[in-house]
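Shown next, in structure tokens, is the structure this report addresses.
Read-outs: derived from the displayed coordinates by stated rules, not from any lab. Please read all numbers here as calculations on a predicted model, not as lab measurements. Backbone-built Cβ (ideal geometry, glycine too); neighbour counts: all protein chains shown.
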Amino acid sequence: MPGMKMNLLVAGAVAALTLFGCKSGTSAAPADPAGGSSSASTGAGAVATAAQGSTKQNIVDPSLNNMTAVTVTVPASWHFQGTLQQGSGQCVATPFPVFRVTSPDGLSAFEKEPVIGWMFGTGPAAAPSGSQSDCVALKSALRAQDFLKFLAPTLGLKYVSDVAEPAAENQAAQAGLAAAEAAYAQKYAAEHLTPPKSTREMARARVSYQNGSFAMLGELRVQLDCTESVYAGVKQLMPGMPSRAASDVTQCQAGTRFYSAPSAQLTAVLALWDSPGMGAVGNQAWQQAWVARYQQNANQAEAKNIAATNSAMAASHQMFEQSMAAQAQEHQKFMAQMQASTDASMASATANMNARSTAASDWVNYALDQQTVLDPSTGQVSTVSNAYSYTWVDSTGKTSYQTNDANANPNGVMQGTWTKQQVVHGNGTP
């Protein structure tokens, strides 16, 4: 059905513009610096670094010759790690940045979480196709605040209270959505398609958790975009061609940010990241290159579908059946080749993303080549490099030692008392 296919493809391009077209805020999760050793303090100096200026960190797109996709402005002395995840499915088709920024003491942090998508509705187009669907198991509309209440326990966090969304930020978000819709209004008109109905909602929530002896507070922030598309049914008059029922499909994407710090430090950490110029901004040249490539692929797919339809209408019933089978096979090959050329360098990461844990912190750990470990004697969790199989932490909880030697033991060799750590999920659970 060419009209439905084009509607889906153009809607995807609009989603790309809404995702890339405005400044990204910041988000954080508790983490210690990664590597063979790390040190931490009480978190009192987490925001003192604001006076030391800021620095810019670039996230590149390997599928576009390592072109800079997103630039993140961070405090100069904070530690940055990030990557670009390529969208690969029906519910999250566009690429998105994933990054973690940690304070020098390792206690205060900000994370941009992976995008979560789901779809629901009625009719044949409402069912995710294929075993590789990236849609999570949500089958109804969900308010942004309710999504945070659903997400918090998944991340091992206690939902404390709602936090009011600033009117100025909400107005800016709605303006960004309106600009994206306006940019593609002519495209829908040229294709004689009814534009989908898009909504955007912002929400924030205060959360808490315990990191060893540290009482931690955090703030979750989400931008929830939903797009409803209505596809008319088709009654086929030609023998052998099935009719198609109408569909009403809504697709939602949630982009989440997480800020965290020791309880007394959260207000200052939020003020630091909310200050002008901080956070992530998409590169306009990269945005244009990505959308142009996406639209080119969409046009090719639409042309292929139109040719297939015209051929089928001109053929006899037997020839029609054979033609449709051959074209369906060619279409599948084309889509596979297009996907492979778009994100060949990200194929391994995409395959593992489809099998990711439900905990978003595990996704971030994977993307940044990290692992989370637990001190069985204190309950404190730390984020370290996953390049080593064994991690030891001294009695202060501030210094770690990593090795791949199962028989290595720093006790008696290095100063202090050392405890072997247990590898756990990113949210600290076994």
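Data for the structure
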| item | result |
| --- | --- |
| Cut-off under 5 Å, modelled amide H: who pairs with VAL424 long-range | THR372, VAL373, LEU374 |
| Isotropically averaged projected area of region 99-235, using the convex hull of Cα atoms (one quarter of hull area), nm² | 11.9 |
| Karplus-derived HN-Hα couplings along region 411-418 (A = 6.51, B = -1.76, C = 1.60, θ = phi - 60°), whole Hz, x at Gly and Pro | 5, x, 9, 10, 5, x, 9, 10 |
| Table column - 3J(HN,Hα) (Hz), region 57-69, Karplus curve with 6.51, -1.76, 1.60, x for Gly and Pro | 10, 9, 10, 9, 10, x, 6, 10, 6, 6, 5, 5, 9 |
| Projected-area average for region 369-424 over all orientations - Cα convex hull basis, square nanometres | 3.6 |
| Order of ILE116, ILE59 - criterion: other Cβ atoms within 10 Å of each residue's Cβ, fewest first | ILE59, ILE116 |
| log₁₀ of I(q)/I(0) at q = 0.14 Å⁻¹ - region 206-289, Debye sum with one point per alpha carbon | -0.75 |
| Rounded to whole Hz, the Karplus (6.51, -1.76, 1.60) HN-Hα couplings of region 392-409, x for glycine and proline | 10, 10, 6, 5, 7, x, 10, 10, 10, 9, 10, 7, 9, 8, 5, 9, 5, 8 |
| Cross-link reach list, aspartates and glutamates versus LYS420, counting only Cα pairs under 18 Å and skipping chain neighbours closer than eight places | ASP32, ASP375, ASP394, ASP405 |
| Relative contact order [Cα under 8 Å, 6+ residues apart], region 102-169, whole percent | 21 |
| Fraction of alpha-carbon pairs over 23 Å apart in region 51-137 - percent | 42 |
